[in-house]
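Have a look at the structure below before the remarks.
Derivation of every value follows stated rules applied to the coordinates shown; laboratory data play no part. Predicted model, so just to flag it, every value in this text is computed and none were measured. For neighbour counting, all protein chains shown are included, and Cβ atoms are generated from backbone atoms with ideal geometry for every residue, glycine included.
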Protein chains: 4
Amino acid sequence: MKKLFLSLALCGIVQMGFGQVVDKSIDIPDLDKYQTLKCDFHMHTVFSDGLVWPTVRVDEAYSEGLDAIAITEHIEYRPHKKDIQADHNRSYEIMKDYAKNKDVIVIKGSEITRPMAPGHHNAIFLTDSNPLDTKDYKDAFQAAKSQEAFIFWNHPGWDSQQPEETKWWKEHTELYNNGCMQGIEVANGEHYYPEALQWCLDKKLTMIGTSDIHQPIQTNIDFNKGEHRTMTLVFAKERTPEGIREALDNRRTAVFFKDMIIGEEQWLRELFGKSVTIEKINKNEKRVQFVVRNNSDLPFYLKKGEHDANLIYFRTYTIEPKSKHTITVKLGDAGITSGKVNFEVTNMVVKPGKGLDCQFSF
Amino acid sequence: MKKLFLSLALCGIVQMGFGQVVDKSIDIPDLDKYQTLKCDFHMHTVFSDGLVWPTVRVDEAYSEGLDAIAITEHIEYRPHKKDIQADHNRSYEIMKDYAKNKDVIVIKGSEITRPMAPGHHNAIFLTDSNPLDTKDYKDAFQAAKSQEAFIFWNHPGWDSQQPEETKWWKEHTELYNNGCMQGIEVANGEHYYPEALQWCLDKKLTMIGTSDIHQPIQTNIDFNKGEHRTMTLVFAKERTPEGIREALDNRRTAVFFKDMIIGEEQWLRELFGKSVTIEKINKNEKRVQFVVRNNSDLPFYLKKGEHDANLIYFRTYTIEPKSKHTITVKLGDAGITSGKVNFEVTNMVVKPGKGLDCQFSF
Amino acid sequence: MKKLFLSLALCGIVQMGFGQVVDKSIDIPDLDKYQTLKCDFHMHTVFSDGLVWPTVRVDEAYSEGLDAIAITEHIEYRPHKKDIQADHNRSYEIMKDYAKNKDVIVIKGSEITRPMAPGHHNAIFLTDSNPLDTKDYKDAFQAAKSQEAFIFWNHPGWDSQQPEETKWWKEHTELYNNGCMQGIEVANGEHYYPEALQWCLDKKLTMIGTSDIHQPIQTNIDFNKGEHRTMTLVFAKERTPEGIREALDNRRTAVFFKDMIIGEEQWLRELFGKSVTIEKINKNEKRVQFVVRNNSDLPFYLKKGEHDANLIYFRTYTIEPKSKHTITVKLGDAGITSGKVNFEVTNMVVKPGKGLDCQFSF
Amino acid sequence: MKKLFLSLALCGIVQMGFGQVVDKSIDIPDLDKYQTLKCDFHMHTVFSDGLVWPTVRVDEAYSEGLDAIAITEHIEYRPHKKDIQADHNRSYEIMKDYAKNKDVIVIKGSEITRPMAPGHHNAIFLTDSNPLDTKDYKDAFQAAKSQEAFIFWNHPGWDSQQPEETKWWKEHTELYNNGCMQGIEVANGEHYYPEALQWCLDKKLTMIGTSDIHQPIQTNIDFNKGEHRTMTLVFAKERTPEGIREALDNRRTAVFFKDMIIGEEQWLRELFGKSVTIEKINKNEKRVQFVVRNNSDLPFYLKKGEHDANLIYFRTYTIEPKSKHTITVKLGDAGITSGKVNFEVTNMVVKPGKGLDCQFSF
């Protein structure tokens, strides 16, 4: 009843869900020179094999506090085709129009959906998706490239296509060499691919995290438990499509996957510094206390690093989201006047299996 | 990614959400001769003005533990028509096929969607929805009637069509007299219409409660808060389409709306008796204790009724869902050996503003 | 383990639960000249018949964003006396000390716990609770009065003491006349007493709402469902004990009970105006649209009032917390250029059964 | 108000929270010869440094569906001593009495609370806690031993006592050799100690998991997110104190910590087999499908093991709680008629870093 005849309704409710934004949105601080934008560049609607009308994707993004989304219907796989006839740009058009009042940036994309190799890839920042509907996959990539799309390899470790291990194929080398691959999904939905993280570091590719959502988002993500969709943090000069593109081209991203932030060390170091600040240091002969505040909605898991034997402190420590902690370090030798409390932030992943090395100094 | 190529997938996940059924399903006891079926006879998909693919409605119903749903797309209002070409039976067909593995009964219906009077009506148990697409509303009702549909008036107090009060129009008398109205929605989504309850009692019409859901269900219903969709409880001889129809024809229904059960006194009395049982009565000179158990997921709100001045007991009392309570009644006169503790169950509504009168006897 | 030897611990965690404050705290706007303070003036610990150590009450208050609490142990009822020997000031002392780092105001009180009449009363802003331990209840009230306490009648409709109806006894008249009653609990825990609301209006008594919590607060309140404890909103010139007292003395309070705000019309009107603001009015020949924003965490339930027949609008309408709505009013006569959309805010209760009358003008 | 004068109350509510048990209790299947009992052998109340009255621990256990709890106040550390004078058996007595109506087994224990070495130990199944209050720790252990207590080392890796690593001291060898150590906490609250797991395997010690709760339980555990307290699963011949003791003495336990079950391979293998059953195997030339049902509330995380190259299947797979899954294995060679799908259940930990090896055969 509610949705019916809204334009004619005596009492048209436009509920913007402002309140819900507060609940579902996750505070992640900006960097000095860049805004931290929350983006999801991979999703589907009924126009390919998704299960919701395109406007739902905008509503979901809005209520989760996302800054930008890309719609990436499959070019080659459209199981609802019998009932839905439309060209490859159609769901973007519906979303674009609807998003005007929601302050969500919508980016046109398409998923080039092929067997391995090369598997599935998203081309985003397209101007027209239709030319990607080609027989040979190479032509599809060329069509995307000729539109100056940003192209990334999707779920490289998907076991339906890579049942034994996450391999890089010669076809990927070819795409990479031909300027047809600028990024890789380091995480997709419930899965994280450490091999992809290493490839991004080695080959200077942009790290991407996406939801690849097909269902209504609440079916997969339990917001009530504090869960969030897998997404890309984009460190952008401005909150515009152009700003996002410039950041992607310059590899200023990180992947937000469960309670992990995965990315290049420089961005993670700055992000940790903006999140966790030392408010005060209390020192006496026996101990030093660091009063630290976590301004973000992220938890940080600390693990003791190599350290001066005179500093006696935690083995592991969790800095909870939006909290204030007093961390005490006992001094083995009363004469100590300065030192470094070294630790690894294990959930800020800078390479496979390795967290960010940090320290509190006094 | 998950939904893609499932039939070809190496590892096809068919997650039946068994666990979720337990969480979202609401225990309401059967009656002596009838099963209590949870049914929702009013909903939409992308095939009219809803926002999900038809299969989503089956998944939702399954995970909420519903026994049956009717799909009731608007005949006259199809805002996605530009993109979705299909006849009026199509969403039913998709759901019917998908529901086989889910043990959810799917009933074919359509919403005859007209200005007031007569407003909107659902015809369910149709064999073919297409003949209802007529110019004159009377022809649509006749088409439904000729298929032996069960027809009910939707949201009679919807303020877009009845801005001042919930009125019965001469058109409704005509439909009623012509055998084109067998029931009325006493509750629709967030709204309850007491006038409709009275009309059902007076005119021997079947009481219906529906969700009228357009969005993904989680957008409107917060299951995490224990909320449920508005639904019809059908007291059926058997859990089949025929069993449901027989019960509707004989007005064996109640409406489950928020924490209220609305219906004819005979069904509510039996439902209360099946839900709340007295396990033990402890009596001494000073007081009587009733040890009562609520076997259902429904709360019951008790309000003191007229009573013997020698019985001193609660003014209001809440029997929580799935709980055991010891209710103490003080005896003003030590000589009392029997009595009646009268109360009204205020959330079992038997007519507008009136709850079910009950008693515990000792 | 966590709580043990904290002062000696190598790593003393002082987790202030900053993040939780955001979740549990409820935004209610300030008034023009007064801050809106969230206060709970009735609670217990193990020092009377409560079940938690006094510091827990401070932690709970802090994490719910309360500004002030009063501790009000029973003077006459101390079932843990065998194990806990302490004078009547002791739990206050523990809380006072602990609250320093939490920015929660703690007020010393005691519950004078007598059979009806006069039943239970809280005396708060005491300097010493011990003199209230007297044989005759009148002496206890005099002891409180001589300390310039603020005294209010607790749960006047508690059916253990008033099994048939909420009566005012001659003992209450006497207390009132003797300056021993300045307020009444209009709501206590799960119960609201409309009679008490009327008495407060008639006799110029201060309206109080309290939790009367005995258990760990999460046992009774499900914060996850958005529930909150029953509390008093105090409209104070400053956030200090003195500021609160001055406001209580001048009856600048409202009671926050479930989704109701109960209070004098002047405070509720201003509170509604601060919460719901009209951002824009769009008018054309056929309709007026009010774009309204609700800046608070309170919902507001609107019900149509008496109105110009040319204005066609909602019968009931819910303004959700923290949301933006477009409310459309259809114009019956195209010539209308101004008007008043009248409604009652049914959950802002200004007298028993009556909500606040408001209007949107254009 | 609610807790006051319950025995005199006109209306005494004994709310057993039946419904809540369903919500918070976690289904874990019994084994062939043993019942699976959920037990927590480490907790505190206001009688040592905890923050709740003893009865609260019984209520919590009941509503979480625990079978047994041990109360283990610190002997040496009683910060509330100024206000609470009682001997070391007192909180047990209060709980024992209260638990009669709740069907929770309460076991008397005490925490011998010493600096490292030997650190903290719990002695449970005591008959009298008072004799453990000695100057020399060895005397305390002897007092416990002479009462035939079951003694286990608490939080062996607590960084306040073991800041650099989880070490076994000569004092522990001595206790072990003297029959004063029968078990070790492999997990305590938020922490898991892999070293302790290895020690239990090597030295035939019983594995224990405990909450060590001091706060109201909801402060530390968010049941709404599906969290549970750390506990010991006891595989007992009967649900009695004696049955529990016999199982502890014979090392029939596992530790339930977050989403991990830690224990000896034999118990974990049987537990997996009782939880996950194969309902049907569908085989054709191209693939085998295993229809599996998880009857428990535990998730199981599967990781591919070494396997026949002709079997092509998942790399990782999650079997959700209370769910039904169809797991498809593609056959590389059409001639295969039988095989073994090997995998490791990574969250059933049989030694540090190693999950349970299992297989589905066809």
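What is the average number of partner chain Cβ atoms found within 10 Å of a Cβ in D:47-55? Kindly include the intermediate steps, with their values, before the conclusion.
Working: counts 1, 2, 6, 3, 11, 8, 13, 3, 1.
Going residue by residue through D:47-55 and averaging, the value is 5.
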Going by a ≥ b ≥ c, the root eigenvalues of the Cα gyration tensor, does region D:17-131 fall in the rounded group (a/c under 1.5), the prolate group (a/b larger than b/c) or the oblate group? prolate
In vacuo Debye scattering of region B:276-361, one point per C-alpha: log10 I(q)/I(0) at q = 0.11, 0.18, 0.25 Å⁻¹? -0.30, -0.77, -1.30
Sorted largest first, the C-alpha extents of region C:68-138 along its principal axes in whole angstrom are 40, 26, 17
Round to a whole angstrom and tell me the spacing of the C-alpha centers of region A:54-84 and region C:122-177. 64
Selection from C:Ile112, C:Ile217, C:Val46, by position along the positive dipole direction of chain C (Cβ): C:Ile217
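Residues of C:318-330, mean number of Cβ from any other protein chain within 10 Å of their own Cβ, rounded to a whole number? All intermediate terms of the calculation are to be shown ahead of the outcome.
Details: counts 3, 1, 7, 4, 8, 9, 6, 7, 6, 5, 9, 2, 6.
Counting Cβ atoms of other protein chains within 10 Å of each residue's Cβ and averaging gives 6.
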Kirkwood Rh, angstrom, region D:145-284 [1 / mean 1/r, Cα pairs]: 16.7
In peptide B:157-170, how many Cβ atoms from other protein chains are near each Cβ within 10 Å, on average? 4
So, in nm, how far is label D:Asp87 from label B:Asp333 when the simple model puts each one 7 Å beyond its Cα toward the Cβ? 5.2
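Quote the charge dipole size of region A:276-361 about the Cα centre in Debye, to the nearest 20; the model charges only the Cβ of Lys and Arg (+1) and of Asp and Glu (-1). Provide the component values of the computation, followed by the final result.
Values: 14 positive and 9 negative charges, 28 e Å.
It works out to roughly 140 debye.
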For the protein assembly as shown, report the translational diffusion coefficient in µm²/s to the nearest whole number, using Stokes-Einstein at 10 °C, 1.306 mPa s, and a Kirkwood Rh over Cα pairs. 45
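May I ask what percent, to the nearest 5, of DSSP beta bridges between residues of the protein assembly as shown are antiparallel?
Working: 228 of 304 bridges.
Counting DSSP beta bridges with both partners in the protein assembly as shown, the antiparallel share is about 75 percent.
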From zero outward in steps of 10 Å, how is the percent of C-alpha pairs of region C:22-263 spread across the bins? 8, 35, 40, 16, 1, 0
From Cα coordinates alone, what are the radius of gyration and Dmax values for region D:204-328 in angstrom? 18.2, 59
Quick one: dipole size for region D:22-263, taken about the Cα centre, charges +1 on Lys/Arg Cβ and -1 on Asp/Glu Cβ, in debye to the nearest 20. 340
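Could you tell me whether region D:23-77 comes out rounded, prolate or oblate from its Cα gyration tensor? Rule is a ≥ b ≥ c as square roots of the eigenvalues, rounded for a/c under 1.5, then prolate if a/b exceeds b/c, otherwise oblate.
On the way: a/c = 4.23, a/b = 1.98, b/c = 2.13.
It comes out oblate by the Cα gyration axes.
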Let's test the formula: R0 of 45 Å, r as the Cβ-Cβ distance of C:Gln359 and B:Glu265. What FRET efficiency results, to the nearest 0.05? 0.60
Projected label distance in nm at A:Glu227 and C:Asp133, using a 7 Å step from Cα toward the beta-carbon: 5.5
Inter-copy spacing of B:Gln35 label points, which lie 7 Å from Cα along Cα→Cβ, given in nm from shortest upward: 3.4, 5.6, 6.1
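Considering only DSSP beta bridges where both residues belong to chain B, give the percentage that are antiparallel (nearest 5). Could you put the intermediate results ahead of the total?
On the way: 56 of 75 bridges.
Bridges in chain B that DSSP calls antiparallel: roughly 75 percent.
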What is the spin-label model distance, in nm, from A:Arg239 to D:Lys100 if the labels are put 7 Å beyond Cα along the C-beta direction? 6.4
Sort D:111-119, A:47-55 by the packing proxy (mean of other Cβ within 10 Å over each peptide's residues), most packed first. A:47-55, D:111-119
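Can you tell me how region A:258-326 classifies by the Cα gyration tensor, rounded, prolate or oblate, using a/c under 1.5 as the rounded cut? Mind dumping the intermediate values first?
Working: a/c = 2.04, a/b = 1.52, b/c = 1.34.
It comes out prolate by the Cα gyration axes.
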Given unit charges at Cβ for Lys, Arg (+) and Asp, Glu (-), the dipole magnitude of the protein assembly as shown about its Cα centre in debye, nearest 20, is 0
